[in-house]
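Peer 1: What follows is a structure written as structure tokens; I'll ask about it next.
The values are calculated or read from the model by the stated rules, or taken from the named source; none is laboratory data. Keep in mind the model is a prediction, meaning the values are calculated, not measured. Neighbour counts run over all protein chains shown; Cβ positions are idealised from the backbone, glycine included. SASA here: full protein model, heavy atoms, side chains in, ligands and nucleic acids out. Shrake-Rupley method; radii C 1.70, N 1.55, O 1.52, S 1.80 Å.
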Number of protein chains: 2
Amino acid sequence: MVPRHRALLGLRRWQLASPSLQIRSLSQCTTRLQQAQAREQVQEATTSASSEPSQPHDQHGTKGPAAPAKAIKYTSESYPSLKRDPKFAELTQDHVKYFKDLLGSGSAVIDGLSEEAGEDIEPFNSDWMRKYRGHAKLVVKPGSTEEVSKILKYCNDKMLAVVPQGGNTGLVGGSVPVFDEIVINLSRMNKIRSFDEVSGILVADAGVILETADSFLAEKKHIFPLDLGAKGSCQIGGNVATNAGGLRLLRYGSMHGNILGIEAVLPDGTIMDDLSKLRKNNTGYDIKQLFIGGEGTIGIITAISILCPQRSPAMNVAYFGLDSFEKVQQAFREAKNQLSEILSAFELMDGRSQKLYNRATGKKLPLEGEHPFYCLIETSGSNTDHDSEKLEAFLEHVMGEEIVADGVVAQDQTQMQSLWKCREGVPECLGHWGGVYKYDLSLPIAEMYDLVNETRDKLTRAGLVGDGEEHAVVDVVGYGHMGDANLHLNIATRRFDTAVEKELEPFVYEWVASRNGSISAEHGLGIAKKAFIGYSRSETMVKLMQQIKGLYDPNGIMNPYKYI
Amino acid sequence: MVPRHRALLGLRRWQLASPSLQIRSLSQCTTRLQQAQAREQVQEATTSASSEPSQPHDQHGTKGPAAPAKAIKYTSESYPSLKRDPKFAELTQDHVKYFKDLLGSGSAVIDGLSEEAGEDIEPFNSDWMRKYRGHAKLVVKPGSTEEVSKILKYCNDKMLAVVPQGGNTGLVGGSVPVFDEIVINLSRMNKIRSFDEVSGILVADAGVILETADSFLAEKKHIFPLDLGAKGSCQIGGNVATNAGGLRLLRYGSMHGNILGIEAVLPDGTIMDDLSKLRKNNTGYDIKQLFIGGEGTIGIITAISILCPQRSPAMNVAYFGLDSFEKVQQAFREAKNQLSEILSAFELMDGRSQKLYNRATGKKLPLEGEHPFYCLIETSGSNTDHDSEKLEAFLEHVMGEEIVADGVVAQDQTQMQSLWKCREGVPECLGHWGGVYKYDLSLPIAEMYDLVNETRDKLTRAGLVGDGEEHAVVDVVGYGHMGDANLHLNIATRRFDTAVEKELEPFVYEWVASRNGSISAEHGLGIAKKAFIGYSRSETMVKLMQQIKGLYDPNGIMNPYKYI
């Protein structure tokens, strides 16, 4: 009997059983495979230009030299209908003095009122996508929950509007000011408070960088139950405030299940001390849940308590081609059935997205033939042999039943990254020809891909899609987190064009609404989606949300002009 | 090489590697092993008598003939300090007419005002533990969300207090009236609305019985991500309203993560249409979370949408003895490490609880020697061979390292049930000598068992524990869901005795509070724990909760006299 040690052997045995399977040297199609830095969420934004006001010249990602901040258009100009609410006080020297007395006059206060703090203050005024830019004259960086409390109470009393800010890696403009809101930046609150190795419960300040938390946990053989591309910059408080989804949701579930406790400060300075380290606690309304995905509009999260799973020592990645979306669904069902507890990702890429990835990057694709759909499967578990055997059995089944047309299994870490790159590289490569109209949608799985086809047909009928320069649209593609029914509908363009926009909207939102989908699966509302909430939520729900906002923030000082 | 097919073989190999291991014929110690019907939550209540007013003569379980309902003491008598709130209207013939016109005069309205509905109305007035009993004169059973809406709006307008009622299997008196509140029983809303086999998302009326939902899902190879003893009677709406924990929480997480949508009716008749079938939806505050564990105090859940996992075909159960609580913790850490994704239960029973189980039932225990602690481990996964191999490796390790002193692995379904019985039979058997003082607590795992020792020491010092009839207390035992850090502290008594109560309270609550534990891990507050919330929640949190209550239910008609 052949010993089974690694996924490699799984692949070999699969080959014997399934002669149609292409086994290729993945190294042919991968050059300079570094650690996959730019994961979905970040890359998406890098090339992002939805129907919201866009910065086409800033579409070339974070890796190139940053344009001077001053070149970013003010949000107040991009959204001319937005007016500064006159109920808010204007910042004065007296206000600044209060904050300096409280926090010291060092780096904890960036004062753009008294001094020319231009270059220092700009990174806090604009988002890293370079799409949104505010006019803040003051940034404060509290070092403790008590300081956050004093700051908010003061602002509330003085009617000074504020913007809570974590790593400022959001995608909907939620973490930067629109006008002169004071930025409350959490980066100085960056301590891990405790970790219990038996229960796996981590308690940490909101300003801890996600990657720092995850590295800390790695040493303890645990993982943070959230992973996303911005992990090197984003802060866990911001992750919770935006209910970040990311790559581990299929396996570990959402923040609403994993967050056990939250410490937050309400606008009036009240410290909500709900930092429970208990997995079970049925003593009253679970108010902390409102802060998960509350986008800093009812308070500022200062610390979290979160249940962290064990780290899985065994990992496998497979990539395959399929002939129809029906077969993709079948494969997903089979993966859930057979890989069950070890399935950690099931990602979808349509053939067009893979073709554009190949055209834009010049990188060869893992499979030689062409297929209308591709999927990437990742397993993670506690036993390499078992996982490989399960994956192999699954692959034999889906090949034998002709659910999957062709496939490869990564043989080592480098190949795993190479396969992941075919999925993760898509958002970035789509910006190659100009800009991208992007939608982050939740839809019923069965109908998910219909929207991509219908959108493409609509734009084609309008004569907007084609190979020549005269066509604004290069192609319409779909990819995303199949396991979470989260579709990224992307329209790769040569230029932004109102003719395209007219075809897309309100068509896409109406289509999503008619299927009871979500117009923002994981990115949140911020300023970008505020106007469109009606497509995903009823009037009743919006009213109930406004009631919550009014309850906690009657003066409306928290992150104004955004959310609902 | 020995083929590995079943847990049995795992056990045999374990024996070879670990000569100290006792292998016993489980059939010796199991007679008439029926389907383990009375699971933790139900059994706990069966024998329950906490410090709340108790019914010692009703302590002999649900299996015996039920005492006539009239014999149950009214809650208003057990809690003499509770007074009917005069702001609520008294039920009149006009009110009854409204409901009959709305629902028809058939079984949807049980009218105790016009007729002598005594026997018909009593099951809705008293709980199945026979601890709580109200004076309701009217039960209404709406058949649709619209009817619920009309009922609540009418009651709110007329200031008629109501009690939402599901299967009425709760443990804290939350689902029966205290005075003359109208019972709104959801049992007629019992349709499964939809199930998506690809995503595993079930949408169903609140009144669907948990077991019905789970059986429906079993046919689709899925499970309801909650399991508890009352499954044959409890309703899924009630499960959500009480944030039920149960047996699958370790593996599948809490309702807060699994519930994707809720349809609920607010006191003013507003239908909160948040029945999303989406795994991801970041469009505004997650208000539905307030209804999870809200215990019917801000609205009535009429339907839920829930993510259901795949059903695991492979199951294993092991039972072992350990020499200290430190070793129990080590074993738990190792189980998390090595069994990882297949671990589905890790239950704790102290040696005293097992001894009492043996004394009360006459059933032999699975292991021959005596140990201060015992654990039950369950695995569930997709591949029997893999799971057995993992379990075997784990057992070899914990035996080799002398973490575990002795153990057995079930060889078939009957033995699995027999082992489970040693855990599940504990709550019931503790009532054998008279009554039981019971506490359902969440505590930091490391300190969890200290409370049991300290409580026992305290009662012993007071001369209350002993073998003779003159001692009120038989023994003090601890058991529970180790995996969830959920301890059941139980004091088995020959009789209820104020001397015992004085030793226990506020000692237990203060002890829990000083460790930031929870005085109600999974049972909720209801009327039983309302007074004690201050031990688990700060004044600030209680005020914030009262604010929520006031926001949704300004007239206070929803489930009054309870919760916060």
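Peer 1: In the range A:312-329, what residues are open to solvent by 10 Å² or more (accessible area, probe 1.4 Å) and outside any helix (DSSP H, G or I)?
Peer 2: Result: A:S312, A:P313, A:M315, A:D323, A:S324.
Peer 1: Also: Pull out all pairs, ordered by first then second residue, where Cβ-Cβ is under 6 Å, the residues are six or more apart or on different chains, the first lies in the range B:187-215 and is away from every other protein chain (no Cβ under 14 Å), and the second is at pLDDT below 95.
Peer 2: Partner pairs satisfying both residue conditions: B:L210/B:K231; B:E211/B:K231; B:E211/B:G232.
Peer 1: Ok, one more. With the requirement that a residue be over 24 Å from A:V198 (Cα atoms) and either more than 7 Å from every other protein chain (Cβ to nearest Cβ) or hydroxyl-bearing (S, T, Y) (or both), what does the range A:272-282 give you? It would help to see each step written out before you state the result.
Peer 2: Initial filter on the range A:272-282 (over 24 Å from A:V198 (Cα atoms)): A:272.
Residues satisfying the conditions do not exist here.
Peer 1: Limited to the range A:387-400, what total is found for residues that are within 13 Å of chain B (Cβ to nearest Cβ) and buried (at least 24 other Cβ atoms within 10 Å of the Cβ)?
Peer 2: Residues that pass the stated criteria total 5.
Peer 1: Give the range A:507-551 a look and list any residue that's open to solvent by 30 Å² or more (accessible area, probe 1.4 Å), assigned to a helix (DSSP H, G or I) and facing chain B (nearest Cβ under 7 Å), or say none.
Peer 2: Hits for the range A:507-551 are A:T540, A:Q547, A:L551.
Peer 1: Out of the residues in the range B:226-242 meeting the condition of being closer than 27 Å to A:C308 by Cβ and surrounded by fewer than 24 Cβ atoms within 10 Å (Cβ to Cβ), tell me which one is nearest to the other protein chains (Cβ to nearest Cβ).
Peer 2: Applying the filter and picking the extreme gives B:L228.
Peer 1: Exactly one condition in (1) within 14 Å of chain A (Cβ to nearest Cβ); (2) in contact with a helix residue (DSSP H, G or I) (Cβ under 8 Å, 6 or more places away or on another chain); (3) not in a helix (DSSP H, G or I) is false for B:L489; which is it?
Peer 2: With (1) within 14 Å of chain A (Cβ to nearest Cβ); (2) in contact with a helix residue (DSSP H, G or I) (Cβ under 8 Å, 6 or more places away or on another chain); (3) not in a helix (DSSP H, G or I) applied to B:L489, the lone miss is (1).
Peer 1: State the number of residues belonging to the range B:173-186 that are in a loop (DSSP other than H, G, I, E, B) and either within 17 Å of B:I298 (Cβ to Cβ) or acidic (D, E) (or both).
Peer 2: 5
Peer 1: Name the residue that is nearest to the other protein chains (Cβ to nearest Cβ), counting only residues in the range A:248-271 that are in a loop (DSSP other than H, G, I, E, B) and surrounded by fewer than 24 Cβ atoms within 10 Å (Cβ to Cβ).
Peer 2: Among those residues, the one meeting the criterion is A:G253.
Peer 1: Also: Which one of B:V477, B:V500 is assigned to a strand (DSSP E or B) and modelled with pLDDT of 95 or more?
Peer 2: Numbers: B:V500 fails: assigned to a strand (DSSP E or B).
Criteria check complete, one pass: B:V477.
Peer 1: Which one of the conditions (1) within 30 Å of B:R251 (Cβ to Cβ); (2) more than 26 Å from the chain's Cα centre (by Cα) does A:G143 fail to meet, given that it meets all the rest?
Peer 2: (1)
Peer 1: Could you check the range B:238-274 and list, in sequence order, the residues that are touching a Ser or Thr at 6+ places or on another chain (Cβ under 8 Å), modelled with pLDDT of 95 or more and closer than 20 Å to B:S520 by Cα?
Peer 2: Within the range B:238-274, B:G238, B:N243, B:G257 meet the criteria.
Peer 1: Now for a separate question. Does A:I287 satisfy the condition of being within 11 Å of another protein chain (Cβ to nearest Cβ), open to solvent by less than 10 Å² (accessible area, probe 1.4 Å), touching a residue at least 12 places away in the same chain (Cβ under 8 Å) and more than 23 Å from the chain's Cα centre (by Cα)?
Peer 2: It is true that A:I287 is within 11 Å of another protein chain (Cβ to nearest Cβ), open to solvent by less than 10 Å² (accessible area, probe 1.4 Å), touching a residue at least 12 places away in the same chain (Cβ under 8 Å) and more than 23 Å from the chain's Cα centre (by Cα).
Peer 1: Among B:S305, B:S276, which is among the polar types (S, T, N, Q) and either in a loop (DSSP other than H, G, I, E, B) or closer than 24 Å to B:P177 by Cα (or both)?
Peer 2: On the way: B:S305 fails: either in a loop (DSSP other than H, G, I, E, B) or closer than 24 Å to B:P177 by Cα (or both).
Only one candidate passes the filter, namely B:S276.
Peer 1: For the range A:159-210, give me the residue count where each residue is open to solvent by 20 Å² or more (accessible area, probe 1.4 Å) and over 17 Å from A:E295 (Cα atoms).
Peer 2: 14
Peer 1: Checking B:P444 against (1) within 30 Å of B:S514 (Cβ to Cβ); (2) at pLDDT 95 or above; (3) within 14 Å of another protein chain (Cβ to nearest Cβ), only one condition comes out false. Which one?
Peer 2: (2)
Peer 1: Test B:Y509 against the stated conditions and say whether it is touching a Pro at 6+ places or on another chain (Cβ under 9 Å), at pLDDT 95 or above and not β-branched (V, I, T).
Peer 2: No.
Peer 1: Let me ask you something else. Answer yes or no: is there a residue in the range A:301-310 that is more than 7 Å from chain B (Cβ to nearest Cβ), buried (at least 24 other Cβ atoms within 10 Å of the Cβ), in contact with a Gly (Cβ under 6 Å, 6 or more places away or on another chain) and closer than 22 Å to A:Y563 by Cα.
Peer 2: Yes, that holds for at least one residue.
Peer 1: Something else now. Restricting the search to the range A:366-384, which residues are of a type outside the set (S, T, N, Q), more than 25 Å from the chain's Cα centre (by Cα) and open to solvent by less than 50 Å² (accessible area, probe 1.4 Å)?
Peer 2: A:P366, A:L367, A:G369, A:H371
Peer 1: Suppose we keep only residues that are more than 13 Å from chain A (Cβ to nearest Cβ) and without any contact (Cβ under 8 Å) to a residue 60 or more places away in the chain within the range B:216-225. Which one would you say is surrounded by the most Cβ atoms within 10 Å (Cβ to Cβ)?
Peer 2: Filtering the range B:216-225 down to residues more than 13 Å from chain A (Cβ to nearest Cβ) leaves B:216-219, B:224.
With without any contact (Cβ under 8 Å) to a residue 60 or more places away in the chain added as a condition, the list becomes B:216, B:219.
On the way: B:F216: 17, B:E219: 9.
Selected residue: B:F216.
Peer 1: Restricting to the range A:93-108, count the residues that are open to solvent by less than 60 Å² (accessible area, probe 1.4 Å) and in a loop (DSSP other than H, G, I, E, B). Spell out how you get there, then give the answer.
Peer 2: Taking the range A:93-108 first, the residues open to solvent by less than 60 Å² (accessible area, probe 1.4 Å) are A:95-96, A:99-100, A:102-104, A:106, A:108.
Of the ones still in play, those that are also in a loop (DSSP other than H, G, I, E, B) are A:104, A:106, A:108.
Total satisfying the criteria: 3.
Peer 1: Kindly provide the set of residues from the range A:408-455 that are surrounded by 24 or more Cβ atoms within 10 Å (Cβ to Cβ), more than 20 Å from A:F325 (Cα to Cα) and of a type in the set (V, I, T), ordered by number.
Peer 2: Matches in the range A:408-455: A:V409, A:V436.
Peer 1: So in the range B:117-158, with the set limited to residues that are aliphatic (A, V, I, L, M) and in contact with a Pro (Cβ under 8 Å, 6 or more places away or on another chain), which one is surrounded by the fewest Cβ atoms within 10 Å (Cβ to Cβ)?
Peer 2: B:I151
Peer 1: For the range A:352-360, check the following and say yes or no: at least one residue is within 14 Å of chain B (Cβ to nearest Cβ) and open to solvent by less than 10 Å² (accessible area, probe 1.4 Å). Steps first, please.
Peer 2: Step one: list which residues in the range A:352-360 are within 14 Å of chain B (Cβ to nearest Cβ), which gives none.
Looking for residues that are within 14 Å of chain B (Cβ to nearest Cβ) and open to solvent by less than 10 Å² (accessible area, probe 1.4 Å), one finds none in the range A:352-360, hence no.
Peer 1: Between B:L348, B:L322, B:L367, B:L376, which is under 18 Å from B:R423 (Cβ atoms), within 14 Å of another protein chain (Cβ to nearest Cβ) and modelled with pLDDT of 95 or more? Working first, answer last.
Peer 2: Working: B:L322 fails: within 14 Å of another protein chain (Cβ to nearest Cβ); B:L367 fails: within 14 Å of another protein chain (Cβ to nearest Cβ); B:L376 fails: within 14 Å of another protein chain (Cβ to nearest Cβ).
B:L348 is the lone residue from the list that is under 18 Å from B:R423 (Cβ atoms), within 14 Å of another protein chain (Cβ to nearest Cβ) and modelled with pLDDT of 95 or more.
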